[in-house]
Each structure stands twice: as C-alpha cells, then as structure tokens.
Amino acid sequence: MRDHKRTAAFLASLMICISTAAAPISVYAENGDDTSAATVEEFEEDEEAAASTASESYIVSGDFSYSLNSDGSAQIQDCTATGTELTIPDTIDGIKVAELGKTAFGSDPENCPFEKINLPASIEYISSSDPFMYCTKLKEITVDAANEYYTVSDGVLFSKDMTLLVCYPQMLGGSSYTIPEGVTELGSAALYNTGLEEITFPSTLAVIDYFALGSLTGLTSVDMSETALSSIGSFAFSGCSALSEVKLPDTLYGIDGGAFYNCKALTEITLPENLNYIGQYAFMDTGLKSIEIPESVESIAYSALGYCTAANGEETPVAGFTVIGQYGSAAYTYCTDSDSDYGYTNDFTFMTPEQAQQQSELLAQERFTEGAFEYAVISDKAVITLCTSQDTVIDVPDTLGGYPVSTIYPAAFSGLTATVINLPDSVTTIREMAFYNCAYLQSITLPAGTESVGNNAFDTCTSLETIDFGGAKTIGQSVFYGCTSLKSVTISGECTEISVNGDGDTPFMDASALEEIIVTEGSGNYCTENGVLYNKDKTTLYAYPSAKKDKEFTLPSTVKEIAQSAFYHAVNLEKVDISGVETIGTYAFEECSALKSVKTTNTITSLGVDAFFNCTSLKSLRFGDKLTTIGSYAYGFYYNEDADTENDEQAETLVEGFKLYCDKDSTAYKFAKNYGIETVTGTVELFGKNVDKTFLWVMAGILLAAIAAVIGIITGRSIKKKKAEKKEAERQKELAERRAKKREEAEKEAGAENGKEETNEE
C-alpha cells in the first residue's frame, strides 16, 4: 500500500500559496513523501499558534523584530519599515545581526514596499525559506563588499562561492537569464514570479528547491537535459501556465510534490530512466492525458498523475488518462491503487510501451463496422478492435468485410457480459488484455492455429474456470491475473515460452483456484505430470497448482531446480520431499500456510528471497553445508499484519517455535544467527527424526560392543567345539590304534598257535 495519503490541509495551503504568493509550506520531505495534516481548521490554528508563540519570543527594536541564536547573535524575523529602501543594520541593540529569517521582510506580499534592500557584512545566513519571496516590488539587492557569505552579480543575489542562487529580484526586469556556470542549486523561490520567459541552465545545476521557478507565466520551455540535476523541489514550476516543453536530464532521481502543479500547457513530458519517485500532486492540473513511467520509479504518490481540480475545488480524475509502463511496476500499481481508510480508488488505463505504440499505429488505420464488431484491415487481414455485443454467447465470424479475422486487439472484448466466446480457426493472435474484465466468461478454447497470447489477455476474468490455449506457442505475462475461479489450464505441447512478469512471477501464481495444468504432446519446451508443470526434461519444476488437492508431494528425482514462485500459495500442501534439488527460487514456497514438513538432502546450494516466507505451519527445516547462497527472509518468517510499521515496527516476524537444523558455522547457520532464528546443530535426520549425533555415537558404540561380545561368545564356543572335536578325534584315533594293535597281536598269537599245531602234527 502506498505511503502517500490525501490531506485537505495540503490542498488548501497549496491553493493559498499559489494564489497569494504566501510562504511556501514545507509539506514534503526530500524523498517526495508528504507529512500528515488533519483539517484546514487545524492547520490554520496550528499556524496561528506557532506564529503567536514565536512572536512572543521576538525582541522588538525600532522597525525590526528579532530572535537570539544559540551563539548570542540576532536573526531578523520581521520588519515594519515603510520606505522603499531598506538597510539591514550590522547590529541591533549592540547585538550582531547574523541571520535573516523566512519572514524577515514581512509576511504580506501586498504590503511589502521594498524596492531596494541593502545587506551588511555581518549577514552569515539567509533562511532557506527565502524571505525575499514576499518582496513583489524588489528591484535591487546590494551586499557589503566585506560580507564573507554572499555577493551580488548582475543584480542577482548568490552565495559567496557562486554555487547557490538565492534571489533574482522580482522586479529586476529582463525576459531572459543565463544562470552562471558553477551554480549547483537554485534556492527556494529563487526566480519566483520574476517575469522571466527564457532561462538557460548551467551544466553544474544539481538541485532546484521548492517554488524556485514558480509563477513564471511567460515561460514556455525549459531545457535541463545537460545539467546534473538530481531533484526538483516541491512546486518548483507550479503556476508556469504557459510551460509546454520540459527536457529533463538522465541524472534526475526525484520529482517532489506539486513540482509541475497548474502547468496547464504541459501536454507531454519524457521522464528519465533513472527516476525513482514522483511526489503527491506533482503533475496535477496539467494538460497531460497520458504519461510513460520508467521501470526505475518505485513510488508514485496519491494524485501525482491524472488528476485535475474541478470547479467546486474537488480533485477529479482526468477522463481517459493513460499510464504507460511495465506490468508489476509502480506505474501498474498506481492505476488501480486504493485505500479504503482515505476513500480513494484510482481507475486509470494502463498500457505497456508496446501497447501504446500499437494503439497509436491502430488509430492511424481506417476502421470499419460490421454488426457488433469494429475492425481495421492490416495486411489483408481483419483485426478486431472492438466488440459491443451484449449476447451471452458470442460467435466471432471467420471474416469481416471479406477479410479473414486474424487478430483480437488489446481490450477489444473488455468488459463484455458473455459467458461463452467462440473464436474462428482463422485467429492466430490474441493481443494484450484482449478479454480484460470479462467477468462472466466461464470457459474458452483458442483455435489450433493460435500463435501467441498477449500479456494479461484474460486479466480479471473472475468466472473463468477452464481454458485451452489451442496451438499457442507463446503465452504472455500475468495472463491469468485476477482469474480467481480458474481450475484447469491446457497448454499446447508446441509452446516454447510462458512469460514471467516484471517481478519474475509466472502467470499461474495469479490463479488461486488452479488444480491442474495439462500440456499436450509436442516438441515444445514444457511437459506436465499429475497436473504439475516442468520443463521438457523435468530438470526444473515451474508451477505447482495452488489449489491442487494433494497433501503430499514428492519431486521426480530428475528435478534439480524449483523455479521462482513454483509452489506459491499451495494451500493444501502439507508435506513435500525435495530430495536431490540444488536450487530453490525466490518465493518458491511462499504462502504455503499448511506446509508442515520439507524433506531435503545436502544437495541444495541456493535459496531465493522469501523462499519459505509466510509458511506459518512449518516449524523446522534442515540444510547442509553445500547451501552457500541465501536470500533475505528465506525461512522462519511471516508477515505480521498487526505490526505498527508507521512506528518502525518490523512486519517480518519470526514464526513461533521455528528451528533450523544445520551444521555449525555453515552459511545456513550464520544466516539464522543473523536473523535471530533458533538453530540446532550436531544432529542428523534418521527415519524422519532429528537425532543427536553424540547420542548416535554412544548408541553405535554400545551396538558395536554388543556385536563384539556376541562375536566373542560365538567365537569362544566355536573354538571350544573345535577343541572338543579335536580331542574326540584324537581319542577315536587312539582307540582305533589300540584296536588295530590288539588285532595285530591277536593275529600274531593266532599265527603262533597255528605254527605249534603244525609242528606237533609233524
């Protein structure tokens, strides 16, 4: 949400300043932000109170009122002299006069009589709010030659070193002026209301303070392209009603509030590529009908562009005002920015530079009408520029005027109430925002011959549930933005490019109800599996549908990269296994509020910004020492909507109970310590549980000891058995030997007996 808010007091004071040449009101900071004020009454009361309080502290001496500085010197705060020539004294009441306050010459431009003002040698400082702004009759300023801080050159008051132009007297005369080379700053109201019609700027100029060139009603053009200008102060060119040409330098960083307020002749302006911010009311009440905003612009304040003041004093949007820029940029945001607390909503037309160029080309084409269709003929083909049909079902004809219909131009079907739109086979090109805000459109199938679908083609088609891209080879940025009912997307297998927006987001993250993505067979760059989008070889996961009903998901082993925003707002996903992944992109799992478990391996090397941001159910993650690149708020944080950011309370808040499991002194460990995230070191994941390494070693030791004991027992038994077996073998051997010996002895005895019997017989 933008920081800049609408204030009635600001507008009221602005009108007073412009119309009466009253003192500039410092309602803008140097970065273009406005300070708050409540009501006109409160503002006036505060001013009166401040003036009253200040005046009470002033010392009156003759025609002068003064205050005392901390060093004891005097600062002139007011003068009531009535003559046409005024000489500021060196001293008042014996006190050195060192400074001139912002109302030193009075606060009423109608009654300031001074035509000549003489400054003494004692003046060291002149208020940056320019006390000379009220001197509408001033012709001449002199400075004592002995003054060390200020000098006059060609009737113009400068700082002594000629770097600051303090005051060009309003009645000095002349229609042209060349600011001397070496001047780096134009002080507040420095050339205000001088009647100059031509100004040449030095190359050294870096700063233009507020009201510096205001109310130069004869000034028609300014060329600051060769300067070193970095900022244009609040109301710097306000009231330059004839200013029609402005050339800005590449060095310009900021345009403060009201800078070109009431420059009614200004109908076009080119902003430099390095511009960072545009302040509140910067281009209010100009002649601009469109403006191109560089992508470098990060902040556009409320009513900065596209507003004018109505007869009743109300801020009114300029009819048909168009902002040209890039999708996802501050320009895009500004077109629809709103704040219910302050009761404003912007509703401006947005175009890319390409669209603007194409529209310009189209406007140059002769257009025809046939039935409910307006068309132009380009290269012997009909281009539909507008459809006015109020039918529920719209059948787009094959031909218009005898020419085949080939292209649907930007916004051609915007805002129609049809539930079904049938396109002919002849259509090859769907241009940017072609079906923008077709809130009743429920489904659409593009022709097989479709070649390309432009950026935001179906933006805010809130009833669209299914879409088939036919043969489309390229699909533009944010094509599904605001398609809150979209459930199924079918993409041609020949598709070679699905574009991302300026923030790097895929079109699918905008479809919060998406359940499946289907890629048909083909030789393109994409494929799908179970409704999930990958590149052709499945090394990168591009998009996981936000409303896919699965609670658990395991990535294919081939996936090495999870692309930016791939799992963004996957509301049902509770558990994911990303083992083997090496790179996790920016916002990859952001807003996965149901996600409780993420299984990782020590392969991850890079983790993008906000990768797991707002994963409020995720209480732990584990990363190894290979992770060396980590983006801000990558894990452990959620966005606290109750944070008091206006009082510098940080919205990014630690998820209660979140722990990071990692190796000590690893990149993940250092990141966690830097962000105040609780870390747990010295653990490993075992069977889905985080186990302490020391415990694991102890248990391993016990297990090894047990194993050794068992082995010892088994070994002992084996040895004992072998010994018993050996002993038994030896016993059996001995027994066998004894038996053999006995048999031998028995045989010998039997032989001896037989011998005796034979002898006896003989």
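The values are calculated or read from the model by the stated rules, or taken from the named source; none is laboratory data. Fair warning: this is a prediction, and the values are worked out from it, not measured in the lab. Using ideal geometry, Cβ is built from the backbone for each residue, glycine included, and neighbour counts are taken over all protein chains shown.
When the strands (runs of 3 or more DSSP E) confined to region 554-629 are screened for residues that are under 15 Å from PHE658 (Cβ atoms) and not hydrophobic (A, V, I, L, M, F, W, C), those reaching at least 1 such residues are found at 597-599, 620-622. Reported count of residues in region 280-300, each being assigned to a loop (DSSP other than H, G, I, E, B) and closer than 17 Å to CYS263 by Cβ, is 10. The residues listed here are GLY688, GLY676, GLY636; of these, the one that is at pLDDT 90 or above, exposed (fewer than 10 other Cβ atoms within 10 Å of the Cβ) and not polar (S, T, N, Q) is GLY676. Of the numbered criteria (1) surrounded by fewer than 19 Cβ atoms within 10 Å (Cβ to Cβ); (2) more than 29 Å from LEU423 (Cα to Cα); (3) not basic (Lys, Arg), the one CYS335 fails is (1). Cβ-Cβ distances below 7 Å connect the following pairs, each with a first residue in region 343-364 that is among the small types (Gly, Ala, Ser), a second residue that is crowded, with 17+ Cβ neighbours inside 10 Å, and a separation of six or more residues or different chains: ALA356/ILE324.
State whether the residues of region 529-544 include one that is assigned to a strand (DSSP E or B) and small (Gly, Ala, Ser). Looking through region 529-544, at least one residue is assigned to a strand (DSSP E or B) and small (Gly, Ala, Ser). Here region 314-330 is the region considered, the condition is being in a loop (DSSP other than H, G, I, E, B) and free of Cβ contacts under 8 Å to residues at least 40 places away in the same chain, and the residue that is nearest to the chain's Cα centre (by Cα) is GLY325.
Residue count for region 160-205, restricted to those that are closer than 17 Å to LEU243 by Cβ and of a type in the set (Asp, Glu): 2. Residues of region 491-519 that are hydroxyl-bearing (Ser, Thr, Tyr) and buried (at least 18 other Cβ atoms within 10 Å of the Cβ): SER492, THR506, SER512. If a residue must be farther than 19 Å from MET171 by Cα and in contact with a strand residue (DSSP E or B) (Cβ under 8 Å, 6 or more places away or on another chain), how many such residues does region 122-151 contain? Number of matching residues: 10.
Taking the residues in region 194-232 that are out of contact with any helix residue (DSSP H, G or I) (no Cβ under 8 Å at 6 or more places or on another chain) and touching a residue at least 60 places away in the same chain (Cβ under 8 Å) as candidates, determine which candidate is farthest from CYS167 (Cα to Cα). Among those residues, the one meeting the criterion is SER231.
When region 212-226 is examined, which residues are found to be within 38 Å of the chain's Cα centre (by Cα), part of a loop (DSSP other than H, G, I, E, B) and of a type outside the set (A, V, I, L, M)? Of everything in region 212-226, those that are within 38 Å of the chain's Cα centre (by Cα), part of a loop (DSSP other than H, G, I, E, B) and of a type outside the set (A, V, I, L, M) turn out to be GLY214, SER215, THR220, SER225, GLU226. Taking TYR440, is it at pLDDT 95 or above and either surrounded by 19 or more Cβ atoms within 10 Å (Cβ to Cβ) or in the same structural domain as PRO507 (by TED's automatic domain parsing) (or both)? Considered against the rule, which asks whether it is at pLDDT 95 or above and either surrounded by 19 or more Cβ atoms within 10 Å (Cβ to Cβ) or in the same structural domain as PRO507 (by TED's automatic domain parsing) (or both), TYR440 comes out as yes. Against the definition (under 30 Å from GLU432 (Cα atoms) and either in contact (Cβ under 8 Å) with a residue 60 or more places away in the chain or assigned to a loop (DSSP other than H, G, I, E, B) (or both)), how does LEU271 come out, yes or no? Yes, satisfied.
Please return the ranges of strands (runs of 3 or more DSSP E) entirely within region 106-211 where 2 or more residues are touching a Lys or Arg at 6+ places or on another chain (Cβ under 7 Å).
150-153
Report yes if THR388 is of a type in the set (Ser, Thr, Tyr), more than 19 Å from GLU465 (Cα to Cα), surrounded by fewer than 22 Cβ atoms within 10 Å (Cβ to Cβ) and within 38 Å of the chain's Cα centre (by Cα), otherwise no. Judged against the criteria, THR388 is a match. Report yes if some residue within region 240-262 is in a loop (DSSP other than H, G, I, E, B), more than 22 Å from SER290 (Cβ to Cβ) and of a type in the set (Gly, Ala, Ser); otherwise report no. Within region 240-262, none of the residues are in a loop (DSSP other than H, G, I, E, B), more than 22 Å from SER290 (Cβ to Cβ) and of a type in the set (Gly, Ala, Ser).
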